[in-house]
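Student: Let me begin by handing over the structure; questions about it come next.
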Amino acid sequence: MGGFFGAVKKTDAVFDAFIGADYHSHLGTKRGGIAAYSPETGLQREIHNIENAPFRTKFEKVLDEMRGNAAISCISDTDPQPLIMVSKVGTYAICTIGVINNSQEILNEILGHGGYFDGMTGSKVNANELVAALINAKNSYVEGIRYAQERIVGTASVLLLTDRGTIIAARDKMGRLPVQIGKSDEGYCVSFESFAYKKLGYADVRELGPAEIVEISADGITQLSPPQKEMRICAFLWSYYGYPTSSYEGVNVEVMRCRNGEIFAENDAKSHDLRQIDYVGGVPDSGTPHAIGYANASKIPFARPYIKYTPTWSRSFMPVNQSERNKVAKMKLIPVHEFIEGKRLLLVDDSIVRGTQLKETVEFLYSHGAKAVHMRSACPPIMYGCKYLNFSRSSSDMDLITRRTMAELEGEEAVNHIEEYADSGTERGKKMRKAICDKFQFESLEFQSIDGLIEAIGLEPCKLCTYCWTGKE
């Protein structure tokens, strides 16, 4: 995933861009960057690797070295950004969020017309440079962004910092990701997360609609291209990777998660005997509010049987080596013995993707004396790797614990019965759940239904992207 932030003010905007990006650190752990514009200096840019250090520590010196009344910043799990481009449409800095599935096709097309790239990330072309190349193929920013929206298969929301000292913001074509605008006495800002600018003294103005393009100055917002009506905002924003204090399309993340847990518990009680459960707990951190809602509705006490130690083992501070990553994951878990030993626990996770860390968590609880561990997933079974964002993306759907278990049960035929396996009321659904229980030593396992999740979000189903659960676009 990734997140971005931009500000245009009558005073210096670099500090706001610095804090704004730092407040997106939950969305990415590999790259961070800031670009600023001032009439005296022009466009400036700095990019750092943040895999083993927080964004803030890598960019503090920028506050002394960079100046500008307009600035953009970003956090990324993929390519270094922002990039600075010189083109016929203008000189600008660009950062993007999303994923391009037809990058090779676009690359071949541009190279075939005599274009070239030098922004290589490993063996791949930087996705920001691909987007910029599409923009540069037209005669204006608006024409270019529209062209990019049409050509890209996947998702791309864009921030451009122009050499006029303005910011051009565009939400991706289907509105899968949020782009929100705030206002203060000194100017305007644009952000993935709304709480990021509220902490800086901005107030909500509005969210961009799908495919909408605007230009932002210190004096106001100019719509360059109107939004389209159709929207498919990612439902996983609320279930997992959105920050608890965020709101998207008017729906707060923490409120949704608590409501989701309540709905889950009410439906779960119809098919499972919960009377022997001692405590309900969340698989930290985003699973906790789902678990609180579940506990409130079920009347089972909420407790934290273990705590994640993050002061020195933060999310970004993780070794590259997988075996060492697994060791660090275990080192983070500190048990609360009084809530584990001899207890029957029901844990609510935000989602179950591959199941690797969840297996280790359950083994950890049993090793400290848990009598039973029941598992609940706050979202439906993930059946498809996401092809629109960088979350739950897999080289193969067989990386997913659900699809892998289905194949073990029924071989190649299983793919023809995905809907049955997703449904706990069918024989196939029951067999898949039992097989996963046997693998991970769960006493029982259940997933939130797609209807329950949509009810918790509260938007019309046609406005939500649920592809990773249903396979429907």
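Student: Quick check: is even one residue across the stretch 446-458 more than 28 Å from GLU230 (Cα to Cα) and at pLDDT 95 or above? Break it down stepwise before answering.
Tutor: At the first step, the residues of the stretch 446-458 found to be more than 28 Å from GLU230 (Cα to Cα) are 446-447.
Okay, now just the ones that are also at pLDDT 95 or above, so 446-447.
Yes, the stretch 446-458 has at least one match.
Student: Need the failing condition index for GLU46 against (1) in contact with a Gly (Cβ under 6 Å, 6 or more places away or on another chain); (2) free of Cβ contacts under 8 Å to residues at least 24 places away in the same chain; (3) charged (D, E, K, R), just the number.
Tutor: Answer for GLU46: the failing condition is (1).
Student: Collect the residues in the stretch 275-309 that are touching a residue at least 12 places away in the same chain (Cβ under 8 Å), part of a loop (DSSP other than H, G, I, E, B) and more than 19 Å from VAL362 (Cα to Cα), keeping them in residue-number order.
Tutor: Answer for the stretch 275-309, where residues must be touching a residue at least 12 places away in the same chain (Cβ under 8 Å), part of a loop (DSSP other than H, G, I, E, B) and more than 19 Å from VAL362 (Cα to Cα): ILE300, PRO301.
Student: While we're here: Which numbered condition trips up ARG146, out of (1) farther than 18 Å from GLU230 by Cα; (2) not in a loop (DSSP other than H, G, I, E, B)?
Tutor: (1)
Student: Separate question: Filter the stretch 310-351 down to the residues that are part of a loop (DSSP other than H, G, I, E, B) and of a type in the set (Gly, Ala, Ser), then identify the one that is modelled with the lowest pLDDT. Explain how you work it out, then say what you get.
Tutor: Of all residues in the stretch 310-351, those part of a loop (DSSP other than H, G, I, E, B) come to 310-321, 332, 336, 340-343, 350-351.
Filter once more, keeping what is of a type in the set (Gly, Ala, Ser): 314, 316, 342, 351.
Values: SER314: 56, SER316: 43, GLY342: 97, SER351: 91.
Among those that are part of a loop (DSSP other than H, G, I, E, B) and of a type in the set (Gly, Ala, Ser), it is SER316.
Student: For the stretch 370-403, name all the residues that are modelled with pLDDT under 95 and of a type in the set (Lys, Arg).
Tutor: LYS387, ARG393
Student: Another one. Look at the stretch 355-367 and say how many of its residues are without any contact (Cβ under 8 Å) to a residue 40 or more places away in the chain and of a type outside the set (Asp, Glu).
Tutor: Here the count works out to 3.
Student: Additional query: Just to confirm my filter: which strands (runs of 3 or more DSSP E) fall fully inside the stretch 1-56 and include at least 1 residues that are among the hydrophobic types (A, V, I, L, M, F, W, C), within 19 Å of the chain's Cα centre (by Cα) and at pLDDT 95 or above? Give the steps one after another, and end with the answer.
Tutor: Values: elements: 2-9, 31-38, 42-49.
The qualifying strands (runs of 3 or more DSSP E) are 2-9.
Student: Are any residues in the stretch 445-473 part of a loop (DSSP other than H, G, I, E, B) and among the hydrophobic types (A, V, I, L, M, F, W, C), and if so, which ones? Full working, then the answer.
Tutor: First, the residues of the stretch 445-473 that are part of a loop (DSSP other than H, G, I, E, B): 448-449, 458-460, 466, 471-473.
If the condition is that a residue be part of a loop (DSSP other than H, G, I, E, B) and among the hydrophobic types (A, V, I, L, M, F, W, C), then LEU459 is the only one that fits.
Student: Just one of (1) closer than 18 Å to VAL158 by Cα; (2) crowded, with 19+ Cβ neighbours inside 10 Å trips up ASP77, so point out which.
Tutor: (2)
The values are calculated or read from the model by the stated rules, or taken from the named source; none is laboratory data. This is a predicted model, so every value here is computed, not measured. Here the Cβ is made from the backbone with ideal geometry for all residues, glycine too, and neighbour counts use every protein chain on show.
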